[in-house]
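Take a look at the structure below.
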């Protein structure tokens, strides 16, 4: 009996020691962070799980980057689905065009390039932006020089002394941007009749803005 008790005691000590080692690893080196619904360490790590099975966890920065990439793909997919939408009579009207305008609190008849951009963001699950005023899409906090898919572009019109047309960057093509934009036409007018895919020279764009950053992104700034 004494021998059995000694053996049981040794087994308990070994088990407790392993538990402490594992706990120390989680609470010490890997510094797991909560709040995203996932267990994510501050640096990439390969851990041993149940029955010795290993799994890899990614740093929180990579997780946020993946979120943003998914958001960009979603935005572009939604924007692409709208290519071909046309006004009913050429006066900023029609069922779908009026849905864009309604999303930002306007009725038919108002310019809708910014409303289109905001509607797409809304369909992708973003609360902002939400405006019919294209200059409002380019606050300093959102301006960027990194042109990526789903970046919002703005064209400056000297006659109006402001940004007066906007849309989405679908992709870069050398010195050109391939865009998806509403309230335009084949000629690229800011008073067109539908949603089109366009090709514009990068140097004709005054501003680019990135609205895909979420609050969890350390670079995110409130506006």
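The values are calculated or read from the model by the stated rules, or taken from the named source; none is laboratory data. Just so it is clear, the structure is predicted and the values come from calculations on it, not from any experiment. Note that each Cβ is placed from the backbone with ideal geometry, even for glycine, and that neighbours are counted across all protein chains shown.
One line per residue, one yes/no per condition, for (1) surrounded by fewer than 16 Cβ atoms within 10 Å (Cβ to Cβ); (2) closer than 30 Å to residue 164 by Cα; (3) at pLDDT 50 or above:
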{"site": "51", "(1), (2), (3)": "yes, no, no"}
{"site": "73", "(1), (2), (3)": "yes, yes, yes"}
{"site": "88", "(1), (2), (3)": "yes, yes, yes"}
{"site": "108", "(1), (2), (3)": "no, yes, yes"}
{"site": "111", "(1), (2), (3)": "no, yes, yes"}
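For region 151-193, a residue qualifies if it is in contact with a helix residue (DSSP H, G or I) (Cβ under 8 Å, 6 or more places away or on another chain) and within 22 Å of residue 91 (Cα to Cα), and the qualifying residues are 155, 163, 164, 165, 166, 167, 180, 181, 182, 183, 184, 190.
For region 131-160, the set of residues classified as within 15 Å of the chain's Cα centre (by Cα) and more than 20 Å from residue 177 (Cα to Cα) is empty.
For region 92-106, the tally of residues that are over 14 Å from residue 195 (Cα atoms) and out of contact with any helix residue (DSSP H, G or I) (no Cβ under 8 Å at 6 or more places or on another chain) stands at 2.
Which residue is surrounded by the most Cβ atoms within 10 Å (Cβ to Cβ), if the candidates are limited to region 172-197 and must be in contact (Cβ under 8 Å) with a residue 24 or more places away in the chain and under 14 Å from residue 149 (Cα atoms)? Spell out the reasoning first.
So the first thing to find is which residues in region 172-197 are in contact (Cβ under 8 Å) with a residue 24 or more places away in the chain, and the list is 172-173, 175-177, 179-184, 190-191, 193-197.
Adding the requirement that they be under 14 Å from residue 149 (Cα atoms) leaves 172-173, 176-177, 179-181, 197.
Working: 172: 14, 173: 10, 176: 15, 177: 23, 179: 23, 180: 26, 181: 28, 197: 16.
Selected residue: 181.
Please go through region 105-150 and give me each residue that is without any contact (Cβ under 8 Å) to a residue 60 or more places away in the chain and in contact with a strand residue (DSSP E or B) (Cβ under 6 Å, 6 or more places away or on another chain), ordered by number. The answer is 114, 134, 135.
As a summary of the residue check, residue 161 satisfies the conditions (1) loosely packed, with under 14 Cβ neighbours inside 10 Å; (2) in contact (Cβ under 8 Å) with a residue 12 or more places away in the chain except for the one numbered (2). Among the candidates 101, 128, the residue that is farther than 23 Å from residue 185 by Cβ and at pLDDT 95 or above is uniquely 128.
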